[in-house]
Amino acid sequence: MNFIQNILQGIPPELPEPKPYDPSVSHAPKRKDILTQEEKKLALHNALRYFKPEWHEVLAPEFAKELKEYGRIYMYRFRPNYKMYARPIEEYPAKTKQAAAIMLMIQNNLDYAIAQHPQELITYGGNGAVFQNWAQYLLTMQYLATMTEEQTLVLYSGHPLGLFPSHKDAPRVVITNGMVIPNYSKPDDWERFNALGVSQYGQMTAGSYMYIGPQGIVHGTTITVLNASRMLQGEIAGKLFITSGLGGMSGAQPKAGNIAGLVSVTAEVNSSATHKRHEQGWVDEVHHDLDMLFAKVKEAQAKKTARSFAYSGNIVDLWEYCVKNKIHVDLGSDQTSLHNPWAGGYYPVGYSFEESNRMMAEEPEKFRATVQESLRRHVDAVNKLTAKGMYFFDYGNAFLLESSRAGANILKPDGKFKYQSYVQDIMGPMCFDYGFGPFRWVCTSGKPEDLDTTDKIAMEVLQKISENSPKEISRQMQDNITWIKGAKENKLVVGSQARILYADAEGRIKIATAFNQAIKEGKISAPVVLGRDHHDVSGTDSPFRETSNIYDGSSFTADMAIHNVIGDSFRGATWVSIHNGGGVGWGEVINGGFGMLLDGTEDADRRVKSMLFWDVNNGISRRAWARNNEAIFAIKRAMNENPNLKVTLPNFADKKLVDSVFM
Ligand SMILES: NC(=O)c1ccc[n+]([C@@H]2O[C@H](COP(=O)([O-])OP(=O)(O)OC[C@H]3O[C@@H](n4cnc5c(N)ncnc54)[C@H](O)[C@@H]3O)[C@@H](O)[C@H]2O)c1
């Protein structure tokens, strides 16, 4: 049976053979045993409803075993036999190119070269799921293959509720992930709902099919690391950056360190993650011995050559080594998955990787205590190094939050965190408030030459815009032009032919319309998918990350993310998604995003102008209302350019006056 027939059949008519556990790929850690006996029965009923009753006798014990052994029912038996990767768009069976593009993006998110735990349908971040189980995948692909432009597919946390009549300007797919009643949004609620098979953690770009491998984050990480290093005194070459994590997003750090011209050391406890990044060329050298590692680090620093090292071990051991050996560290951060601290996001010091995995499933309370103890040691070492001049920033992974919850010495006397997040210091005021964010595109032909053409077009557009851009954003423009010029050379593509580029509303719209024109003229051989990370100016309400530089008290509201997605959906997005969780953790953030297909038509041109303008400017407006000066500047510019835009602007009260009222 060929690929097309496989897709069209959905759940196969004959029960497939069971699939043996495949030790050659990285697997999700065993999830904790959270369900009661009655709830386990419910989970089984929930799983079996995807299949005809004749199969239940075989599947019931098998799924119960999966639940016992892995804490989830993945339905491994139904994993397709074909290779998982983004095929050229014309290879997908579909009645509309829009649906075919979504299928391509789903398969890209599950590509073994890209996904963190592909057989558990996890793309990144330890728990960032595309679907909860393989039945959902099979049904969704079948729906996409058969739907028309008069239908919309509705997805509840990976579960395809069905196709509903709509119209050609409506999104083809509307996705919600992890949306729960707010009082039931604690980490254990996720464990329970996910084990029951009724909800999932979609992260940001996992459950919205917009993940493009670590490239997606290399650019943002480069901007962050580059600007963090610009805050240091003296020249950047030879400066030392220490951090952790070589996983889905964190794996971009060594590459970004090299691009920024730094010497970097990244600790990683999972040897298969380290191996993957080394093999892909994202990190230059791997070391197990700290003395040998630092001999090499010193050599690179002396030569002032940009070089990236992986330390195969625990970040706490690395920090404590630096303290003990009085090593001067210039920049420090952390990218363990602390948004998910009890289920494999953070590995405590003093325990092997295997022992930690066992403990988190079998002795969750003990594991929790060891993680918290490790965090206290972690912070103590970081504090000692910052006292000696290291600049440390939180990398949006809930490091500060979880350390404070662990009772680590991370708070100032006024109760605020000792360190700033990268959004507070860097990304917020420099990028998000001006509308710069992680715009991205995928060439659906799969051809590198199409990507080259898009790179060239994007560069020309940016160069032209930068001729007249105001000084407030000239550095951002320049950094982005430098990035796109070097993008090909930096070999950033893993999986689909994709590119990321930080751009503001003007840049995004002009680049997108230029692509659409080039598709129309045949200069680009097939449609292009546009999208972005949710980690952006407007898609995400996240008080400890994207909106951590909102200081009017509204950072705990989620109106912006909801409006963003609703607005995108009626302005022409091809698909939209809204998620609870993502980045900093379940219950900590609401984030939304979109995908849009450019096919060279007038319709695409109309949609892209309307949707991108809203997609960026709604976030700037909210940031402006929060009294962020950079955003006020940006939204006034936008209003000048578009008289139909009328935004409520804030007045500033005199601080002395307000203080005096409460004297
Ligand atoms: N890169 C970015 O721009 C960015 C932005 C915002 C947030 N984040 C956050 O960064 C975190 C990492 O994201 P990811 O996709 O790479 O997750 P991931 O789970 O794929 O990778 C994290 C890695 O950290 C390793 N690790 C855990 N504990 C460790 C320890 N004590 N010592 C050494 N290594 C350890 C894990 O083995 C894993 O490989 C997430 O919380 C994410 O939300 C990243």
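Here is how the numbers come out for the structure above:
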read-out: Net charge of neighbours whose Cβ lies under 13 Å from the Cβ of ARG532, counting Lys and Arg as +1 and Asp and Glu as -1; value: -3
read-out: Pairs of alpha carbons in the stretch 1-117 whose separation is greater than 19 Å (percent); value: 57
read-out: Distance histogram in 10 Å bins (all Cα pairs of the stretch 364-458, percent per bin); value: 14, 30, 21, 17, 16, 3
read-out: Neighbour-count order for LYS510, LYS656, LYS95, fewest beta carbons within 10 angstrom listed first; value: LYS656, LYS95, LYS510
read-out: Of PRO88, PHE78, ALA28, farthest towards positive along the dipole that unit charges on Lys, Arg, Asp, Glu beta carbons give the stretch 24-94; value: ALA28
read-out: Sum of side-chain charges, CYS322 neighbourhood, beta-carbon under 12 Å (Lys, Arg +1; Asp, Glu -1); value: +1
read-out: Amide H partners (placed H, <5 Å) of ALA503, local residues excluded; value: GLY437, PHE439
read-out: Inter-part distance where the stretch 395-474 and the stretch 13-81 are each reduced to a Cα centre, Å; value: 39
read-out: Value at 222 nm in deg cm²/dmol, rounded to 500, when DSSP H runs of n ≥ 4 in the chain each add -39,500 (n - 2.57); value: -13000 deg cm²/dmol
read-out: For the stretch 222-331, alpha-carbon Rg and Dmax in angstrom; value: 12.6, 37
read-out: Relative contact order of the stretch 79-204, defined on C-alpha pairs under 8 angstrom at six or more residues apart (%); value: 21
read-out: nm² value of the averaged projected area, convex hull over the Cα atoms of the chain; value: 29.4
read-out: Dipole moment magnitude, nearest 20 debye, the stretch 115-205 about Cα centre, only Lys, Arg, Asp, Glu C-beta charged; value: 20
read-out: Entries of LYS97/LYS609; LYS471/LYS655; LYS30/LYS186 with Cα pairs more than 22 Å apart; value: LYS471/LYS655
read-out: The stretch 566-663, Rg to Rh (Cα coordinates; Rh as Kirkwood inverse mean 1/r); value: 1.12
read-out: Whole-Hz couplings from phi, Karplus 6.51/-1.76/1.60, listed for the stretch 636-642; x for Gly and Pro; value: 5, 4, 4, 5, 4, 7, 10
read-out: Antiparallel DSSP beta bridges within the chain, percent to nearest 5; value: 55
read-out: For THR152, residues with placed amide H under 5 Å, excluding near neighbours; value: PHE164, SER166
read-out: Pairwise Lys count, the stretch 320-400 - Cα closer than 16 Å, eight or more residues apart or different chains; value: 4
read-out: All aspartates and glutamates inside 18 Å of LYS65 as judged from Cα atoms, apart from same-chain residues fewer than 8 positions distant; value: GLU17, ASP22, ASP33, GLU38, GLU39, GLU57, GLU120, GLU191, GLU362
read-out: Hull-based mean projected area of the stretch 375-531, where the convex hull spans the alpha carbons, in square nanometres; value: 11.9
read-out: Positive minus negative residues near ASN490 (Lys, Arg vs Asp, Glu; Cβ under 12 Å); value: +3
read-out: Order of SER445, SER474 - criterion: other Cβ atoms within 10 Å of each residue's Cβ, fewest first; value: SER474, SER445
read-out: Amide H within-cut-off set for THR540, under 5 Å, with H built and near neighbours excluded; value: GLY592
read-out: The stretch 141-188: translational diffusion in µm²/s, Stokes-Einstein, Kirkwood Rh over Cα pairs, 10 °C, 1.306 mPa s; value: 133
read-out: Range of Cα positions in the stretch 156-275 per principal axis (Å), largest first; value: 60, 38, 31
read-out: GLU14 paired with HIS56, simple spin-label distance in nm, labels 7 Å along Cα-to-beta-carbon; value: 2.5
read-out: Options GLY332, HIS288, GLN372, ranked by Cα towards positive dipole end of the stretch 284-433, top entry (Cβ charges); value: GLY332
read-out: Diffusion coefficient, µm² s⁻¹, Stokes-Einstein with Kirkwood Rh over alpha-carbon pairs of the stretch 450-547 at 10 °C and 1.306 mPa s; value: 108
read-out: Cα centroid separation, the stretch 485-525 to the stretch 598-650 (Å); value: 21
read-out: 3J(HN,Hα) from dihedral phi, the stretch 289-299, Karplus parametrisation 6.51/-1.76/1.60, rounded to Hz, x for glycine, proline; value: 10, 5, 5, 5, 4, 6, 4, 5, 4, 4, 4
read-out: Phi-based couplings in Hz for the stretch 14-27 (Karplus 6.51, -1.76, 1.60; Gly and Pro marked x); value: 9, 5, x, 5, x, 9, x, 4, 9, x, 7, 10, 6, 10
read-out: Burial ordering of THR152, THR140, THR386, THR540, fewest other beta-carbon atoms within 10 Å first; value: THR386, THR152, THR140, THR540
read-out: Selection from ALA170, ILE632, GLY197 lying farthest towards where the dipole of the chain points positive, charges on Cβ; value: ILE632
read-out: Restraint check, LYS456/LYS491; LYS447/LYS520; LYS95/LYS456, Cα-Cα greater than 20 Å; value: LYS95/LYS456
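Since every read-out is calculated from the coordinates, none of them should be taken as a lab result. Remember, it's a predicted structure, so these values are computed and weren't measured experimentally. Methodologically, a virtual Cβ is constructed for each residue, glycine included, from the backbone with ideal geometry; neighbour enumeration extends over all protein chains shown.
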